[in-house]
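A.B. asks: Below is the structure I would like to discuss, written out as structure tokens.
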Amino acid sequence: MSEQSRRGRKPAKPYRRPKKDPVRILAFEALRAVDERDAYANLVLPPLLRRAREKDDFDARDAALATELVYGTLRRQGTYDAVIAACIDRPLREVDPPVLDVLGLGAHQLLGTRIPTHAAVSATVELARVVLGDGRAKFVNAVLRKVAQDDLDGWIAKVAPPYDEDPEDHLAVVYSHPRWVVSALWDSLGGGRAGIEELLAADNERPRVTLVARPGRATTEELLREEAAEAGHWSPYAVRLAEGGEPGAVEAVREGRAGVQDEGSQLVALALANAPLEGPDRKWLDGCAGPGGKAALLAALAAERGAVLLASEKQPHRAGLVAKALAGNPGPYQVIAADGTRPPWRPGSFDRVLVDVPCTGLGALRRRPEARWRRRPEDLDNFAPLQRALLRTALDSVRVGGVVGYATCSPHLAETRAVVADVLKQYPDAELLDARPLLPGVPALGEGPDIQLWPHVHGTDAMYLALIRRTAG
């Protein structure tokens, strides 16, 4: 009989090594990169998946689960944080971020997937043992067992304030958006509960990958030969891949003849290219060209008309991405690294100018769900001077009779109409054009003359576009 048994104690359990789950470890690594390095999941996840696929024990189903765990956890982070906060006895800010990531992964499996409760808890606790250690794994186990006591609807009823008492905070918890983002999007929509709920819900849906067939280099017919691919809704160059489709597996994408580009982004380029001009149509400018999606489409459209595109990007490494996107364009083009607020070209040099300005990115929350937690209201003040400066430079750069397109991937009024209205006060020789007729067949473009696209209406990112013509020198 052992010494422990003689003293009336139970024999100690033999130490068991935690089981390493490659899918959940990969998901955890991606979440840590997003949190620690301010990385974007859509940039971090693909290389992690590629390396994992090189191992024999990681297949397509594993990749799909890892992707769902990462994006699902990020999209519903606000909701899950509220649930987790209700299950612990201290503020969330006092919980170590790696522990919160593991808890978020567990909460998503319990409340946002069909993974059985026992499997979700045990797999997450095993993950905690591997990446956090046995002590904190016990904490994770205790919290997740509380989370598992109700489903998502039940938890929302407990942790979300009633709509009638605080509609913005209610929507913020239910749809997992910061309160200030809910308020801003609601203002941009113009009020009404149905519309804002549809938009917030659309932000939490994973969009299908949309490709662009670059004119003169690829056709939609070629891309539609991909398995379960479908034509886009609005752009004649758009093709949507099947859910979970891998663009890197498409030959035209690998060769640069096609690219990944949201349909809203394509429509912005098409509207500018189709805008009526007075006079010649030979020189085009993309003044904020990185990473190159719109520039590649504009360059191809320009080539069809015998025009030349100058693609300018301030950051040299992003200018390199633009050059890669334009390589092989059928007509002449030029890529330069230059500050768009202090341009090296002469005033009045161009017939068409696009400035897709840096912004909060609130229009692309479907694709970059982490941006909603990263942005702050004060970011608007930081972007505002640059947005106005870039639009002023664009108006200076276009000739009389030429057209400027001001675009943002944000529907926030402070980044869209407010910028255009402020700058136009300084340019009495410029006028807004009605952009809506330039996108025939696209419904619900707003009151005009500018255009606002919406995920819940058009299935695109929430792109904004105003077209402005210079009427005098």
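The values are calculated or read from the model by the stated rules, or taken from the named source; none is laboratory data. Keep in mind it's a predicted model, so treat the numbers as computed, not measured. When we count neighbours, we look across all protein chains shown, and the Cβ atoms used for this are built from the backbone with ideal geometry, even at glycine. Each accessible area value is taken on the protein alone, full model and side chains, heavy atoms only, with ligands, DNA and RNA left out. Shrake-Rupley method; radii C 1.70, N 1.55, O 1.52, S 1.80 Å.
A.B. asks: Does region 165-179 contain any residue that is open to solvent by 40 Å² or more (accessible area, probe 1.4 Å), on the phi < 0 side of the Ramachandran plot, more than 20 Å from the chain's Cα centre (by Cα) and touching a residue at least 60 places away in the same chain (Cβ under 8 Å)?
C.D. replies: No, region 165-179 contains no residue that is open to solvent by 40 Å² or more (accessible area, probe 1.4 Å), on the phi < 0 side of the Ramachandran plot, more than 20 Å from the chain's Cα centre (by Cα) and touching a residue at least 60 places away in the same chain (Cβ under 8 Å).
Okay, residues lined up against (1) touching a helix residue (DSSP H, G or I) at 6+ places or on another chain (Cβ under 6 Å); (2) small (Gly, Ala, Ser); (3) closer than 16 Å to Ala462 by Cβ:
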| site | (1), (2), (3) |
| --- | --- |
| Ile336 | no, no, no |
| Ala394 | no, yes, no |
| Ser397 | no, yes, no |
| Cys409 | yes, no, yes |
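A.B. asks: Right, next: Please pick out the residue among Gly363, Gly331 that is assigned to a loop (DSSP other than H, G, I, E, B) and either in contact (Cβ under 8 Å) with a residue 12 or more places away in the chain or among the aliphatic types (A, V, I, L, M) (or both).
C.D. replies: Every option except Gly331 fails the conditions.
A.B. asks: Please verify whether region 371-379 includes one or more residues that are closer than 24 Å to Arg342 by Cβ, at pLDDT 95 or above and either buried (at least 17 other Cβ atoms within 10 Å of the Cβ) or within 18 Å of the chain's Cα centre (by Cα) (or both).
C.D. replies: Yes, region 371-379 contains a residue that is closer than 24 Å to Arg342 by Cβ, at pLDDT 95 or above and either buried (at least 17 other Cβ atoms within 10 Å of the Cβ) or within 18 Å of the chain's Cα centre (by Cα) (or both).
A.B. asks: Mind counting the residues in region 315-354 that are aromatic (Phe, Trp, Tyr) and open to solvent by 20 Å² or more (accessible area, probe 1.4 Å)?
C.D. replies: Going through region 315-354 one residue at a time, the tally reaches 2.
A.B. asks: Condition first: surrounded by fewer than 22 Cβ atoms within 10 Å (Cβ to Cβ) and either under 20 Å from Pro178 (Cα atoms) or in contact with a Ser or Thr (Cβ under 6 Å, 6 or more places away or on another chain) (or both). Now tell me which residues in region 96-125 satisfy that.
C.D. replies: Pro97, Leu100, Gly112, listed by residue number.
A.B. asks: Looking only at region 356-367, count how many residues are β-branched (Val, Ile, Thr) and within 20 Å of Val260 (Cα to Cα).
C.D. replies: Residues in region 356-367 being β-branched (Val, Ile, Thr) and within 20 Å of Val260 (Cα to Cα): 1 in total.
A.B. asks: While we're looking at this one, here's another question. Tell me, which helices (runs of 4 or more DSSP H) lie completely within region 212-313 with 2 or more residues that are open to solvent by less than 20 Å² (accessible area, probe 1.4 Å) and farther than 20 Å from Arg469 by Cα?
C.D. replies: 263-274, 293-304
A.B. asks: Right, something else. Based on this model, can you work out whether Ile84 counts as among the aliphatic types (A, V, I, L, M) and outside any helix (DSSP H, G or I)?
C.D. replies: no
A.B. asks: Okay, moving on. Please work out if Arg399 is assigned to a loop (DSSP other than H, G, I, E, B), open to solvent by 30 Å² or more (accessible area, probe 1.4 Å) and over 22 Å from Gly256 (Cα atoms).
C.D. replies: no
A.B. asks: Among what's in region 403-412 and is open to solvent by less than 10 Å² (accessible area, probe 1.4 Å) and touching an Asp or Glu at 6+ places or on another chain (Cβ under 9 Å), pick the residue that is nearest to Arg470 (Cα to Cα).
C.D. replies: Ranking the candidates gives Val403 first.
Here's the yes/no breakdown for (1) polar (S, T, N, Q); (2) in contact (Cβ under 8 Å) with a residue 40 or more places away in the chain; (3) out of contact with any Lys or Arg (no Cβ under 9 Å at 6 or more places or on another chain):
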site: Arg375; (1), (2), (3): no, yes, yes
site: Glu378; (1), (2), (3): no, no, yes
site: Gln387; (1), (2), (3): yes, no, yes
site: Gly402; (1), (2), (3): no, yes, no
site: His412; (1), (2), (3): no, yes, yes
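A.B. asks: Can you run down the residue pairs with Cβ atoms below 6 Å, 6 or more apart or on separate chains, where the first is in region 454-472 and within 26 Å of Pro347 (Cβ to Cβ) and the partner is part of a loop (DSSP other than H, G, I, E, B) and among the charged types (D, E, K, R)?
C.D. replies: These pairs meet every condition: Ala466/Asp450; Thr471/Asp429; Ala472/Asp429.
A.B. asks: Within region 413-446, can you find the residues that are open to solvent by less than 40 Å² (accessible area, probe 1.4 Å) and either within 16 Å of Trp234 (Cα to Cα) or acidic (Asp, Glu) (or both)?
C.D. replies: Listed by number, the residues that qualify are Glu415, Asp429, Ala435, Leu438, Leu439, Val442, Leu445.
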